[in-house]
Amino acid sequence: MVLNLEDIASHPALHRRVRAQAQALLQAYEENPRLASVFATQQRWLMAHIGLALHFRRDPHDFRKELTIARFIEAIRQHSVASRNTAEAFVREMLHYNFIQYVSTSEDGRIRPLQLTAATVETFAGWMLAHLQTLDSLDGANRVARFLERPDMLAGLQPLVADGLLSSNPVREPKQTFSLFTWLNNGGVVMDWLISGVDPDHAGQDRIPTDVVSIGDFANWLKLSRTHLARKLRDAEQLGSVGWLGQRGHSVMWVSNSFYQEYMTAQAIKLAIIDTAFTACFPALVDS
């Protein structure tokens, strides 16, 4: 049976399982920072999901239904995710780093189809697995095993996940502090880092300690400008969302209970979308 938002948000194990999920995503970032960073900013994350869905829904036997730059830009425009220039720059970046590539075709020289490289598909499969593992840990189901048994499942599952994300107002319009970080380069990784250092047993405190002490070390690991990260953290500090237990930069950073709950709610929403997509894609596999 599919886990809905209420089931997930109220689950007593959610905080500990989401912390493990954040740690898994950070490990993926360490293994391939440039590719993982595509999923670490709100706008780029949504553009990536649109591109992935177009790739998996393409028809290799009909060049008119292939993934192309024009179709990608049109989808970005339809969903009001970014400007045409931003979408074009995103595609150029993906091509430059070989995350996508042109496909040779003799059907029509005016159309140049694109496809994901194997490394990109593998990285995204890891992203999906991290979330399916969290869902399995909440209800004891076997989504991960079924996913691994069916290599073709990703092609059916991801477009439904993308549809759910793009149609979700909470995803598209996150709350104040969460929004502050989602528009920062690698902002998603920043939040994962903060939450991965939180002891779930302290989740009820007003100011929840993390294991972050040095902004410099934090910024270097994330490959972010220390000045830019410090500015964003100060903005969050002014909102009362983060702070220091002692002297700034020489003591442990804390996150507010409200910000922590924003993060957990955002994860619950995303997990519910993924589980709904999983059930719709392969309903017979959920309880088998």
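Here are some notes:
- Extending 7 Å from Cα along the Cβ direction at SER167 and again at GLU149 yields two label points whose distance is 2.8 nm.
- Hydrodynamic radius (Kirkwood) for the range 176-262, which is based on Cα pairs only, to one decimal in Å: 12.7 Å
- Shape annotation for the range 96-242: C-alpha extents along the principal axes are 59, 41, 30 Å, from largest to smallest.
- Selection from LEU194, THR86, LEU271 lying farthest towards where the dipole of the chain points positive, charges on Cβ: THR86
- Computed extension gain for ARG16 through GLU30, at 0.36 nm per residue and net of the alpha carbon distance, reaches 2.9 nm.
- At 0.890 mPa s and 25 °C, Stokes D of the range 5-172 from Kirkwood alpha-carbon radius, µm² per second: 143 µm²/s
- Only lysines eight or more places from LYS175 in sequence, or on another chain, were considered; those with a Cα closer than 18 Å are LYS232, LYS270.
- Alpha carbon centroid spacing (whole Å) that separates the range 212-237 from the range 17-70: 25 Å
- Per-residue ellipticity at 222 nm, computed for the chain from helices alone with -39500 (n - 2.57) per DSSP H run of at least four residues, works out to -19000 deg cm²/dmol.
- Residue-normalised convex hull volume from the C-alpha trace of the range 12-55: 90 Å³ per residue.
- The Kirkwood hydrodynamic radius of the chain, based on inverse pair distances between different Cα atoms, is 20.0 Å.
Each value in this text was obtained by applying a stated rule to the coordinates, not by laboratory testing. Quick caveat, the model's predicted, so the values are computed rather than measured. Positions of Cβ are backbone-derived with ideal geometry, glycine not excepted, and every protein chain shown enters the neighbour counts.
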